[in-house]
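The next block holds one structure in the form of structure tokens; read it before the comments.
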Amino acid sequence: MISVIRKTGEFSLSILAATGRAALLLLQLVVNIPLLARRHELLLEQLYRVGVLTLPIIVVAALFVGMVLALQGYNTLIDFGAESSLGLLVALSLCRELGPVLAGLLFAGRAGAALTAEIGLMKATEQLAGMEMMAVDPVWRILLPRFLAGVISVPLLAILFSAIGVIGGYFLGVSVLGIDQGVFWSAMQQGVDFQQDVMNGIYKSFVFGLLISLLAVFMGYDASATPAGVAAATTQTVVLSSLIVLAMDFSLTSMMFSRVMF
Amino acid sequence: MKRQFVEIVVGVFVIAGFVGLLFLSFSVSNLNSDAISDPYQVSARFDNIGGLKVGAPVTMAGVTIGRVRKIALDTDSYQANIVMDISDEYSKLPVDSSASIYTQGLLGEQFVSLEPGGEQRYLKEGDRLRLTQSAVILENLIGQLLFNNSAKGAKQ
């Protein structure tokens, strides 16, 4: 009995300690940003690996999500004779929720896991320790470019997700389901507010990008230096960042869009 | 060679992101249709504005000529005082124009509709429309209908 309580306490303390270490790492990363200005090609390379290579999966996923939204929305809206609002439904759901959230989830799976595995393996093969021996700070040289590339990429990917999703919905709604294209766009423009819907979606995706990137580099940097440790860290990155994205999405949505409270 | 390729591809990625943002702002949201160039303001008082909201269109003959800027309760007359921005493109509206609140479709958004009057003088900044017609409240209509029917029933 007492051992169960002890285990719970140990677990809570280890989570608290890890959160503290992650916060310290974030501080260290932010302080080091000016140093990166001299070596911007490091950032560029990571932007390519983290951002550009995630693009194909984002484009394909966005097209399908946009199309399935249009199809499902159409089936529901036509019962109320409101199929002219289809464009509005697709654009609002993408800009407010699906764009930032799905881009974040896909990014965590495609790039976050790779970052953790890479950094964890560097640690396991003592490359990071070797750098420290040469007086090169791995936080600056390895972690910072990857972290910043993630922070920059996720909002861009989320914007592209929303835009391409709308195009997918447009394609299905107008050319397959036969909604008038003028009605599709004008209903969308009347209902979607730039500040309220588009910008809030982008703020969300920025928060997601920050959290996923921090978690990915932290998990790699903090992994125990064994094959099993790297594997566990990679799994945890994907699981935790998915959970964090969904939970943060709920709290950010309730702050941004609720008119009742706050 | 490799580095140049990476630079170009990253450049394309970032530009694509901004093009997407432009698409979202101008094609998907209402950023371009929101701005009215050099508006002048006209106010009107209504007994009841129903569900009218700030930003609702102001139309004449079905053409949008402005937007509702402010809605407040006038505590002297207990009427709703609304201020409208009207585009200076439409500066020749007679001073005795009347304003009504209508609904787009049966359950759509509410908007202000202006009917031109016959005066030769035109509305200018800060004027108030005297003739107004309140929004039709569906519940009141239904209530009246029920009341009329039961009154008829009592007579017979």
Considering only the range B:124-156, how many residues are in contact with a Phe, Trp or Tyr (Cβ under 6 Å, 6 or more places away or on another chain) and within 18 Å of B:T103 (Cβ to Cβ)? 2
Quick one: which residue in A:L24, A:L42, A:L29, A:L53 is within 27 Å of A:L143 (Cα to Cα), more than 14 Å from chain B (Cβ to nearest Cβ) and surrounded by fewer than 19 Cβ atoms within 10 Å (Cβ to Cβ)? A:L24
If you take the residues in the range B:69-92 that are free of Cβ contacts under 8 Å to residues at least 40 places away in the same chain and either of a type in the set (A, V, I, L, M, F, W, C) or not assigned by TED's automatic domain parsing to the domain that holds B:S43 (or both), which one is surrounded by the most Cβ atoms within 10 Å (Cβ to Cβ)? B:I82
For the structure I just gave you, tell me whether A:L211 is within 20 Å of A:T19 (Cα to Cα), free of Cβ contacts under 8 Å to residues at least 40 places away in the same chain and either basic (K, R) or more than 12 Å from chain B (Cβ to nearest Cβ) (or both). yes
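Results for (1) closer than 28 Å to A:A70 by Cβ; (2) not hydrophobic (A, V, I, L, M, F, W, C), shown as yes or no for each residue.
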site	(1), (2)
A:V174	yes, no
A:S186	yes, yes
A:G191	yes, yes
A:F194	yes, no
A:M199	yes, no
A:F208	yes, no
A:A233	no, no
A:S251	no, yes
Which condition number in (1) of a type in the set (S, T, Y); (2) more than 8 Å from chain A (Cβ to nearest Cβ); (3) part of a helix (DSSP H, G or I) is the one that B:S37 fails? (3)
Restricted to the range A:176-205, and to residues that are among the β-branched types (V, I, T) and in contact (Cβ under 8 Å) with a residue 60 or more places away in the chain, which residue is farthest from the other protein chains (Cβ to nearest Cβ)? A:I179
Meets criteria (surrounded by 17 or more Cβ atoms within 10 Å (Cβ to Cβ), hydrophobic (A, V, I, L, M, F, W, C) and more than 14 Å from every other protein chain (Cβ to nearest Cβ)) for A:A135: no
Restricting to the range A:59-91, and then to whatever is within 12 Å of chain B (Cβ to nearest Cβ), surrounded by fewer than 23 Cβ atoms within 10 Å (Cβ to Cβ) and assigned to a helix (DSSP H, G or I), can you tell me which residue is modelled with the highest pLDDT? A:V59
The residue from A:G173, A:G99, A:G150, A:G130 that alone is part of a helix (DSSP H, G or I), touching a Ser or Thr at 6+ places or on another chain (Cβ under 7 Å) and more than 13 Å from chain B (Cβ to nearest Cβ) is A:G150
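The values are calculated or read from the model by the stated rules, or taken from the named source; none is laboratory data. Remember, it's a predicted structure, so these values are computed and weren't measured experimentally. All Cβ positions, glycine included, derive from the backbone under ideal geometry; neighbour counts span all protein chains shown.
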